[in-house]
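The values are calculated or read from the model by the stated rules, or taken from the named source; none is laboratory data. As the structure is a computational prediction, the values presented were derived from the model and not from experiment. Reconstructed Cβ throughout: ideal geometry from the backbone, glycine too, with neighbour counts over all protein chains shown. Ligands, DNA and RNA are excluded from the accessible area calculation, which covers all protein heavy atoms including side chains. Shrake-Rupley method; radii C 1.70, N 1.55, O 1.52, S 1.80 Å.
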Amino acid sequence: MNTYDSRRYALINRWDPSHLARIDRLASIGAGDRVLEVGCGQGHLTKALAARGVDIVGIDANPQAQEVAESHLVRYMEAESLEFDDASFDFVVSVHAIEHIPQLDAALAEMSRVLRADGKAVFIYPAEPIMGLYAIPTSIILHGTPFKAREVHCHKLWPSKLRGMVEPLGLSQVSSEFSLLWSPQFATAFEKIG
């Protein structure tokens, strides 16, 4: 069973415009660029980038996300098995999603596979002092208990750890930021070696 198959979880996904500002600083995404958003929820970011003329598709592992999405560009799909050809995208972006993916190595390999040479991947993820700490509210929504937070955030990530995971996939770190706004988080950009 997909633990993210939850209409309630899909509906509480909120828009934070600071994520778009952060992506703008780390990647020069413009009109006509082909972008994949992994873990898009209702598609707030997908919709905002599409309004700029970006050729974007958002995917989410919650089948309910597509039903409640703000954009027709949202599709149900798991990151571990992307249904796109090799080198299909100029950019891959993922905001507060990679820490949720149990088979993260497989998902990162898929994201690298669909990214063209010299393309960029931008990941925004929590800077948790303890794995699952910031997932307690989500654990209550999905499981009815705070004690499954480590099943929600199944990875504690930081820039050097993420870099070590993606370098063997041909991705090289180009920048990283740390922010305390709302909650502590990292934003790291990688470029695919051509």
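Summary of computed values
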| item | result |
| --- | --- |
| Most positive-pole-ward Cα, Ser172, Pro146, Ser71, against dipole of the chain from beta carbon charges | Pro146 |
| Lysine pairs with alpha-carbon atoms under 21 Å apart, the chain, spacing 8 or more or separate chains | 5 |
| Approximate spin-label separation Asp5-Ser18, in nm, with each point projected 7 Å along Cα-to-Cβ | 3.5 |
| The chain - mean residue ellipticity at 222 nm from DSSP helices (-39,500 (n - 2.57) per run, n ≥ 4, rounded to 500) | -8000 deg cm²/dmol |
| Karplus-derived HN-Hα couplings along the range 65-76 (A = 6.51, B = -1.76, C = 1.60, θ = phi - 60°), whole Hz, x at Gly and Pro | 4, 4, 5, 9, 5, 7, 9, 6, 8, 8, 10, 7 |
| The chain: relative contact order as a whole-number percent, Cα under 8 Å and 6+ apart | 19 |
| Relative compactness, the range 132-192, computed as alpha-carbon Rg over 2.2 N^0.38 Å | 1.37 |
| Per residue accessible area of the chain, 1.4 Å probe, in Å² | 46 |
| Amide H contacts under 5 Å for Val93, placed H, 5+ residues apart | Leu36, Glu37, Val38, Val122 |
| Portion, in percent, of the accessible area of the range 106-168 that falls on carbon or sulfur, probe 1.4 Å | 59 |
| Average silhouette area of the range 76-142, convex hull of alpha-carbon atoms, in square nanometres | 5.2 |
| Label of the coordinate-derived value, P(r) over Cα pairs in 10 Å bins from 0, in percent, listed as (i) 10, 39, 40, 11, 0; (ii) 10, 35, 32, 17, 5, 0; (iii) 8, 26, 29, 25, 11, 2, 0 | (i) |
| The range 39-187 - charge dipole about Cα centre, Lys and Arg +1 at Cβ, Asp and Glu -1, debye rounded to 20 | 420 |
| Carbon/sulfur fraction of accessible area - the range 6-88, other protein chains in place, 1.4 Å, % | 45 |
| Cα-only Debye scattering, the range 1-112: base-10 log of I(q)/I(0) at q = 0.11, 0.12 Å⁻¹ | -0.31, -0.37 |
